[in-house]
Structures are given as structure tokens and as C-alpha cells.
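The values are calculated or read from the model by the stated rules, or taken from the named source; none is laboratory data. Because the structure is a prediction, the values reported are computed rather than measured. Don't worry about glycine lacking a Cβ; one is built from the backbone with ideal geometry, like all the others, and counts go over all protein chains shown.
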Amino acid sequence: MKQRPYWQRLRDSRFLLLLLLPTFIYFAIFEYGPMFGIVVAFKDYNTFAGVWASEWVGLKYFKIFLFDNPDFLPLLRNTVLIGVYSLLWGFPAPIVLALLLNELRNMAFKRLVQTVSYLPHFISNVIIVSMVLIFLSPDGGIVNRFLGLFGVEPIYFMSLPEMFRTIYISSGIWQGIGWGTIIYLAALTTIDPNLYEAAELDGASRWRKTIHISLPGIVPITIIMLILNIGGLLGTGFEKVFLLYNPLVYDTADIFSTYTYRVGLLQGRFSYATAIGVFNGVVGFLLIVGANWLAKRTRETSLW
């Protein structure tokens, strides 16, 4: 069958394209428009002179950040470790919860668990961090009160560098597990029920059906979500880290985004901060392209 001309297909899809228009405008103004500011990374930016009148310095600030900055390796280590630990512990959590919920037969209880689990997603990071600080407070916090029942002295969790990553990642799992579960539950509904019936006739247990039917059925969406998460490995959120950390835990908590905030906005080194942001963006782009290529080669499932 001969394919219709492109302009004809475009005309037939005009209403769908019209629906897409607000999203396109949003991304054009707020996502792609600001990318013009990347040029600041290659200039010795002067606020009074403006972007174009500022002197070109090429890769000067990239060199300073990558090779002449003693903070680069600690920042890279902290950013990568927080990203990798979040991926290792946070990525499987909604998958496990979705598989467990899929096995529930009590629909009322299932809806209750879903509602309770995804409610934290709608709470702002400011509230989440405030709750974490209250729970972990050495002066009457619920965690220290519980530990006190066993004779443990109050622990100043937020002043211990070795505890920061655990606090950040565990609170992130609590905040995002329910919302992520929605995606995998939706994927589970696309699996043919006849497969479960056939497995049941063959005497397969619930565990066997989960391993051999449910898990393979959500592999495509799992791979896509994994690719997206890998792409954001160095893009650990600024807001939550900024609200949680303090100078006592900089050794394990300071990451690229918080460092960029301090040198860019607080110290006024705009070109240097922009160079850090560009470096972070380029590495994230390479990670997502690499992960997509690997997924396409191994599982024939990818974003493009």
C-alpha cells in the first residue's frame, strides 16, 4: 500500500498537533530558549557589559573546573555515589511494590495502599525535608525516642557525614515509590490474562507466575525508565540536597548543583558556574545515549 504524502498526513493530524502546541510553546520558551545562556560558559561574563560584549575565553573555565579545582573529584564522587545509590535502591522499589500490589485480591486494601504510597509525591521537598528533620531530631525526634527505648543516646543524624546519603536516598524512596508504582501497574494491566490462566492450569505458584509472566511483561517499560534514570545520574536534585545538607556534611553531601549555586549565585562567578552546568548536561546526554544504545543492542528496546 502506497504511503500518503507527508503534507496529507500532517493535515489529517492537525487537531492532535494543535493539542501539542501548548507543550511545544512551553518547552521552546522555558527549556530551549534559556539554552542561549550556554555561551556564558565560554566568556568572561561581565554583568554590566552583557553577554555579547564580554570577552571570549574559550575553554578556560572548563579547564579550571576539571583540572585546576581540588574540589572536582570530591564533587564528582559525591554526585556519582548519590546517583548510583539512588538508582540501585530507588529504581527497583516501585517495581517490587507494583508486583506485590498486583497479587492483592482485596481491592479496597489495594486502593488504600496505592493512595497512601503515592501521597508523598504531591508534598513539596520543603515539607518532606522538614518532616525528616523532625523525625531525626535529637531533641524528641521519633527515631531517637525509639532508640532511647533500647538505651541508645540521642544521635545527631544531620551532623554525621556518613549518614547523609542514607537519609537522602531512603527519604527519596518513601517520596517516590508510590508514583513510580503507577507506571508499572499500568504496564502489568497490558499482560494477557490468558497467560496467567494457562500457568495456573499447569500448577504454577504465584511466585512462578510473577517470575515468568509478570516480570517479563514489564521489561520494556522497565528498560525505558532505567534509561531515563541513568541519564539523570549526575542530575541529582538541587533542592532536596540544599535543604538537607549543612557545612558539617559537605564531605559527602556537596554535589555539582549545590556547588554551582554557591559559586554562581553567592560568589557571582557566573561563567564558571555555567561551565559546570554545561559539563553536567553533556555528561548526562552521553549517559542517556550510551544507555539507549546498550539497551537497543541487548534487548531491542529503546527510546529511539
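Points worth noting:
- If the condition is being under 25 Å from Y61 (Cα atoms), modelled with pLDDT under 85 and aliphatic (A, V, I, L, M), then the range 1-51 contributes A49, V51.
- Qualifying residue in the range 249-256 (condition: at pLDDT 90 or above, of a type outside the set (S, T, Y), loosely packed, with under 14 Cβ neighbours inside 10 Å and assigned to a helix (DSSP H, G or I)): yes
- Criterion (of a type in the set (K, R) and under 31 Å from the mean Cα position of the chain (by Cα)) met by exactly one of R145, R206, R165: R165
- Each residue in the range 77-127 was checked for being in a helix (DSSP H, G or I), free of Cβ contacts under 8 Å to residues at least 12 places away in the same chain and surrounded by 12 or more Cβ atoms within 10 Å (Cβ to Cβ), and 6 pass.
- Residues of the range 9-53 that turn out to be among the small types (G, A, S) and farther than 19 Å from G277 by Cα, as a count: 5
- Verdict on W207 being aromatic (F, W, Y), surrounded by 13 or more Cβ atoms within 10 Å (Cβ to Cβ) and either assigned to a helix (DSSP H, G or I) or out of contact with any Gly (no Cβ under 6 Å at 6 or more places or on another chain) (or both): no
- F279 being under 28 Å from Y45 (Cα atoms), crowded, with 18+ Cβ neighbours inside 10 Å, in contact with a strand residue (DSSP E or B) (Cβ under 9 Å, 6 or more places away or on another chain) and not hydroxyl-bearing (S, T, Y): no
- If only residues of the range 215-247 that are within 30 Å of I123 (Cβ to Cβ) and among the small types (G, A, S) are counted, the one that is surrounded by the most Cβ atoms within 10 Å (Cβ to Cβ) is G231.
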